[in-house]
Amino acid sequence: MMSISVLEALAHFKKPTLVVFVGLAGFVAGIWINSTYFGDASPVQPIEFSHRIHAGENEIPCQYCHVYAARTPSAGVPSVEKCMGCHKSIATDKPEIIKVAQYYAEQTPIPWIKVYDVPDFVHFTHKRHIKAGLECQDCHGPVDTMDRITRQQPLRMPWCVDCHTKKEVENGRDCLTCHK
Amino acid sequence: MSNKINRRDFLKFVGAGTVGAGAGFLAADASKMSTEFLIPQVNLPEDYSPGIATWYNTVCTQCSAGCGISVRTREGRAKKIEGNRSHPVNEGRLCALGQAGLNVLYNPDRIRTPLLRDGERGSGSFSPISWDEALTTISGVLGTLKIQEKANNAYLLSGSVHGHLNDLFALFMDQLGSENYWQHEFSDPASLYAANKACFDVDVLPFYDIRNSKYLLSFGADYLGAWLSPVHYGVSYGHLRQGTEQRGRCVQVEPRMSLSGANADEWVEARPGSEGMLALAMAHSIVEQGLYSGGDAGDWKQALGAYSPASVAERSGISADRIVRIATEFASASPSLAIGGGAAGASTNGTANLVAVNVLNHIGGNIGEPGGILFNPASTFSGDTPRPRASYQDMLNLFESLSRDDAEVLILHDTNPVFTLPSSANVTAAVMAVPYVIGMSSFMDETMALADIILPLDTYLEAWGDSTPDPGVGFAVASIGQPVVKRLYDTRSAGDIILALAHQIGGELPANMPWTSMENYLMEKWRAIYQSKSNDSSAQGFREFWSSILESGVWGERPLQPVRPHQAMSQAMLSAMRMAQPSFAGNEGEYRFVMQPYLSLAFQDGRGANLPWMQELPDPLTSVVYNSWVELNPKTAAELGIREGDVLLVESTAGRLEAPAFIYQAIRPDVVAMPIGQGHGNYGRYASGRGSNPIEILAPEIDIDSGGLAWSATRVIISKTGRRVHVIKTDGTTRELGRNILGQEHGHA
């Protein structure tokens, strides 16, 4: 009778060691389960806004809504007033648009959930990156195909430095360029 | 190991796997960023972009100097205040109190809604009401007075207010039918106005051209501390010292060394009140030496005959040789300038002292000369009502009429006379005697607590206004104050309140005061200025003119002709000149020390005490923070057995207070000094219950010629209470202790 090969391979380990192995395997599995099924890369937003419809189908330029991207560190989320600028007359009967209208009527901001964020000790500015000629999609991915935004990059430091190095950014590897 | 996995092992594996998976899940969760929100604006603001600073130019009203300021705002919030570089008063510089304007705006003790008294009068118990209710109540009271033709029983007492808001106050009271509009300011230089009026027949202060002077002789004027326009004089002082190849010389005459004294080349420790005599002795010496160039030298020789340096030496405590030496230096330096103020102008002979300083300038040939005294042109602003500056005597008269039966209403605007006048003036009793008291202020203070109804004011960073600096800078200059942020609370500006009241009172008031808001009123007034000056302006139309002033923060016109001194001036001064001996409250034998309260740049007359940045700013000379102190000469301290930190009882004929001792080398042994500003009883969390207020115990001595309070004419008794406290200061010791800091081989500190 054949015995199960894994057990045979493990046979010469002591049982406590095996317990540790199983624990570690569980740990890795836990991380995988969390990031696969409970990830924060694509949070559910208070309004089911679709970039696919706006940026994709209707070909609205990014900076029409994200007005500050070329001028300031933050790209800026459109004001509720801006949404209503079009949606006073467009698709006013859709349930999600009714929600927007309600926010505007109550003069309350829509609490969008951040998808892309860097820690407070990182000095990031959109203005510089747009001035350098990057496309929004270079970092944010094919936004024009997404209904709900999914984060494409975790925005970790190696990824930043990698790009700075490839593009030979002046002072791109200097600590103070980003940490100041 | 046996390769059998028994039930017990199986359970162990399952347990380990589960715990591991759980830990992994949590670890992954912990490495995630916490959920953050992107909160958009509901309506897109037109005037800023997030993350980008917007600077607004406006004007500082922390004191009367009228410096231009540039306020850095981000996302609609004021973040930093700096001096406006194009403003001729401060040329980009700003003092600590100006910087602390943010503490005014964001002060947690601001009054946020209109308040109605709900307890005993003076108990300080108020409850919030709406603006509608407040304005209806007040306009009802004032309207009734007007209909009954008893409006002259309404009084308006304001703090120092310049520009068109002053005009508006005057117009409102006039329309109401009252002649009782006054402005009270502790630091108002009543004797300086009186002296300049007597000598030069001018109603505005002259321009002291410290910048271009080569020899600055100051009689008690702490021009680097709190005198008139300290930032302007600070910039000018820098130029005097280092602006040209020839370094200007500074001499400071005062019984207690101020910041200006510490920066001077020579400190002349004259007796309090003898400054004028000293100036005349110097003038005497100049005339005697034949250094006076005027044609009427004979007249002056005769007039100054009684003031020979030898005869003045004993009365001033300064030797005749020294008087002659300084006089000679003063006459030979060109240009030279003598200024007077502070304690020299706050003796019982204050105006006479300052007239004497003007005489010295005249004898030294400094009047109308660059680097000397220049005259500000008469203001060219339309309807520029003179400010109804109340001297101490005026205030006493006012309190007397308030105590009479027919006084009906008192409106208090931005002033705190309970704190800034001696207790002998009985301010509290006078205010309490008025049946209805209306307060307008951003903060609760000792005087506002006596009101029946309080209207919360915008701070100067939230309101429209304008300002013409006095003293001017040699040419007409004005600034418009614009709101740099939206108002934080349910407050209004004084101008808006007055206009709203005028509309509600009705009668002919709405027709004569037709403006819809302070902003509208200011624009209309400036439109008139523009129309009268349109030839001088390159602006195309009023809109451009207006926005260019708002953008630059300042408007000025240089005079085509410098204002020349009057021909008859020498004669006017001859007749104005007379020397009275100073008198002091309290006999010299018992009350041994002359008390010199002094203004600090940080607190001014106490208004800065509720600003935490000012509380933690060390005094520039003693380095003490957070408290009051009494400065004593080391000799005096040794004689009385007093050490630093001994709590002293300071008694005058008018009252007593306690404060810890501070041993100060640079003060006459027969003088003690105390800073003004602390000692508040009801002025918010940062000021209340801290230190003591020297103004409180001042005797009601008056400068006879101007009616101003002679605040350096009180004698005191000093005694130890036996208690000791630790004086909080940033300095260790004022002694050198062999550290050779001065770089001398045998330095003695």
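For chain B, calculate the relative contact order in percent as a whole number, restricting contacts to Cα pairs under 8 Å that are 6 or more residues apart.
Details: 1614 pairs, mean separation 125.0, N = 749.
Worked out over chain B, it gives 17 percent.
Along the charge dipole of chain B, Cβ charges K/R +1 and D/E -1, which of B:Gly345, B:Leu450, B:Val484 sits furthest on the positive end?
The one lying farthest along the dipole's positive direction is B:Val484.
Enumerate the lysines that A:Lys88 could reach by cross-link, defined here as Cα to Cα under 19 Å, with residues fewer than 8 away along the same chain left out.
A:Lys99
Of B:Ile138, B:Ser127, B:Leu157, which is farthest along the charge dipole of segment B:115-175 in the positive direction, counting Lys and Arg as +1 and Asp and Glu as -1 at C-beta?
B:Leu157
For segment B:593-610, in order, what is each residue's ³J(HN,Hα) by Karplus, 6.51 cos²θ - 1.76 cosθ + 1.60 with θ = phi - 60°, in whole Hz (x at glycine and Pro)?
10, 7, 8, 10, x, 9, 7, 10, 5, 6, 9, 6, 8, x, 5, x, 6, 8
At 0.692 mPa s and 37 °C, plugging the Kirkwood radius over alpha-carbon pairs of segment B:593-724 into Stokes-Einstein gives what diffusion coefficient in µm²/s?
Working: Rh = 15.0 Å.
In µm²/s, the coefficient rounds to 219.
Find the eigenvalues of the gyration tensor of the Cα atoms of segment B:340-448, then list the square roots of 5 times those eigenvalues as equivalent ellipsoid semi-axes, largest first, in whole angstrom.
Working: eigenvalues 269, 70, 33 Å².
With the √(5λ) rule applied to segment B:340-448, the semi-axes are 37, 19, 13 Å.
Output wanted: per-residue J couplings in Hz (rounded whole) for segment B:50-59, from phi through Karplus 6.51 cos²θ - 1.76 cosθ + 1.60, θ = phi - 60°, x for Gly and Pro.
In residue order, the calculated couplings are x, x, 10, 6, 10, 9, 10, 8, 8, 10 Hz.
Looking at segment B:190-374 only, what percent of DSSP beta bridges run antiparallel? Nearest 5 please. Walk me through the numbers before you get to the answer.
Working: 2 of 16 bridges.
Around 10 percent of the beta bridges assigned by DSSP in segment B:190-374 are antiparallel ones.
What is the sum of charges, Lys and Arg at +1 and Asp and Glu at -1, for the other residues whose Cβ falls under 14 Å from the Cβ of B:Gly122? Kindly include the intermediate steps, with their values, before the conclusion.
On the way: positive: B:Arg117, B:Arg121; negative: B:Asp118, B:Glu120, B:Asp445, B:Glu446, B:Asp452.
Here the count lands on -3.
What's the angle, to the nearest 10 degrees (0 to 90), between helix B:163-176's Cα axis and the longest principal axis of chain B?
The two axes meet at around 90 degrees.
Leaving out same-chain residues fewer than 8 places away, which lysines sit with a Cα under 23 Å from that of B:Lys635?
Of all the lysines, those that pass the test against B:Lys635 - Cα under 23 Å, at least 8 places apart if same chain - are B:Lys720, B:Lys729.
I'd like the orientation of helix B:131-147 relative to chain B: the angle between its Cα long axis and the longest Cα principal axis, in ° from 0 to 90, rounded to 10.
Value to nearest ten degrees: 30.
Would you mind checking the pairs A:Lys167/B:Lys79; A:Lys94/B:Lys32; A:Lys114/A:Lys180 and listing those with alpha carbons more than 25 angstrom apart? Don't jump to the answer; show the numbers that get you there.
On the way: A:Lys167/B:Lys79 37 Å; A:Lys94/B:Lys32 34 Å; A:Lys114/A:Lys180 23 Å.
Distance filter (> 25 Å) returns A:Lys167/B:Lys79; A:Lys94/B:Lys32.
³J(HN,Hα) across segment B:336-353 via Karplus (A = 6.51, B = -1.76, C = 1.60, θ = phi - 60°), whole Hz, x for Gly/Pro?
Working through the residues one at a time gives 10, 8, 10, 10, x, x, x, 5, 4, x, 10, 9, 5, 10, x, 4, 4, 4 Hz.
Report the calculated FRET efficiency for B:Glu120 and B:Arg723 (r = Cβ-Cβ distance, R0 = 30 Å), to the nearest 0.05.
Numbers: r = 34 Å, r/R0 = 1.12.
It comes to 0.35.
Taking all pairs of different Cα atoms in segment A:26-180, averaging 1/r and flipping that mean, what Kirkwood radius in angstroms comes out?
Numbers: mean 1/r = 0.0562 Å⁻¹.
Taking the inverse mean of 1/r over all distinct Cα pairs, segment A:26-180 comes out at 17.8 Å.
List the relative contact order of segment B:655-749 as a percent without decimals, with contacts defined as Cα pairs under 8 Å and 6+ residues apart.
Working: 71 pairs, mean separation 18.3, N = 95.
Relative contact order, segment B:655-749: 19 percent.
Just the number, please: percent antiparallel of the DSSP beta bridges in the protein assembly as shown, rounded to the nearest 5. Mind dumping the intermediate values first?
Details: 47 of 90 bridges.
Here the antiparallel bridges make up roughly 50 percent for the protein assembly as shown.
To the nearest 0.05, what FRET efficiency results for A:Arg52 and A:Ile90 with a Förster distance of 25 Å applied to their C-beta separation? Walk me through the numbers on the way to the answer.
On the way: r = 16 Å, r/R0 = 0.64.
About 0.95, to the nearest 0.05.
Does segment B:312-378 classify as rounded, prolate or oblate by the C-alpha gyration tensor (a ≥ b ≥ c root eigenvalues; a/c under 1.5 gives rounded; else a/b over b/c gives prolate, otherwise oblate)? Intermediate results must be reported in sequence, preceding the final value.
Values: a/c = 2.93, a/b = 1.21, b/c = 2.43.
It comes out oblate by the Cα gyration axes.
Under 23 Å between alpha carbons, and skipping anything fewer than 8 positions from A:Lys15 in its own chain: which lysines qualify?
B:Lys4, B:Lys12
So what is the accessible area of segment B:131-273 per residue, in Å², with the probe set to 1.4 Å?
Numbers: 4490 Å² over 143 residues.
With all protein chains present, segment B:131-273 gives 31 Å² per residue.
With a/c under 1.5 counting as rounded, go ahead and sort segment B:619-669 into rounded, prolate or oblate using the C-alpha gyration tensor (a ≥ b ≥ c being the square roots of the eigenvalues; past the cut-off, prolate if a/b is larger than b/c, else oblate). Write out the running numbers ahead of the final one.
Numbers: a/c = 1.64, a/b = 1.11, b/c = 1.47.
Cα axes put segment B:619-669 in the oblate bin.
Using modelled backbone amide H atoms (1.01 Å from N, in-plane), which distant-in-sequence or interchain residues come within less than 5 Å of B:Val437's amide H?
B:Leu410, B:Asp452, B:Ile453
Quick check: from the Cα gyration tensor, does chain B come out rounded (a/c under 1.5), prolate or oblate?
Values: a/c = 1.66, a/b = 1.33, b/c = 1.25.
Prolate.
What dipole magnitude, in Debye to the nearest 20, does the protein assembly as shown give about its Cα centre under +1 on Lys/Arg Cβ and -1 on Asp/Glu Cβ? Provide the component values of the computation, followed by the final result.
Numbers: 77 positive and 97 negative charges, 719 e Å.
Charge dipole of the protein assembly as shown: 3460 debye, to the nearest 20.
Please report, in Å, the Rg and the Dmax of the protein assembly as shown, where both are computed over Cα atoms only.
Rg then Dmax for the protein assembly as shown, in Å: 36.0, 140.
Report the net charge of residues surrounding B:Phe662, where surrounding means a beta-carbon distance below 9 angstrom and charges are Lys +1, Arg +1, Asp -1, Glu -1.
-1
Going by amide H atoms built from the backbone, whose H comes under 5 Å of the H on B:Gly364, apart from near neighbours?
Counting only residues 5 or more places away or on other chains, the set is empty.
Would you mind checking which residues have amide H under 5 Å from B:Thr73's amide H? H placed 1.01 Å from N; only 5 or more apart, or other chain.
B:Thr54, B:Trp55, B:Tyr56, B:Lys79
Quick check on the protein assembly as shown: helices-only [θ] at 222 nm, where DSSP H runs of length 4 and up contribute -39,500 (n - 2.57) each and the sum goes over total residues. Nearest 500, please.
Working: 33 runs with 315 residues, N = 929.
It comes out at -10000 deg cm²/dmol, rounded to the nearest 500.
To the nearest 10 degrees, how steep is helix B:275-288 against the longest Cα principal axis of chain B, on a 0 to 90 scale?
So the helix axis and the longest Cα principal axis differ by about 40 degrees.
The values are calculated or read from the model by the stated rules, or taken from the named source; none is laboratory data. Being a predicted model, the structure only gives us computed values, none of them experimental. Neighbour counts are summed over all protein chains in view; Cβ atoms, including those assigned to glycine, are modelled from backbone coordinates with ideal geometry. To get the accessible areas, we keep the full protein, side chains included, count just its heavy atoms, and leave off ligands, DNA and RNA. Shrake-Rupley method; radii C 1.70, N 1.55, O 1.52, S 1.80 Å.
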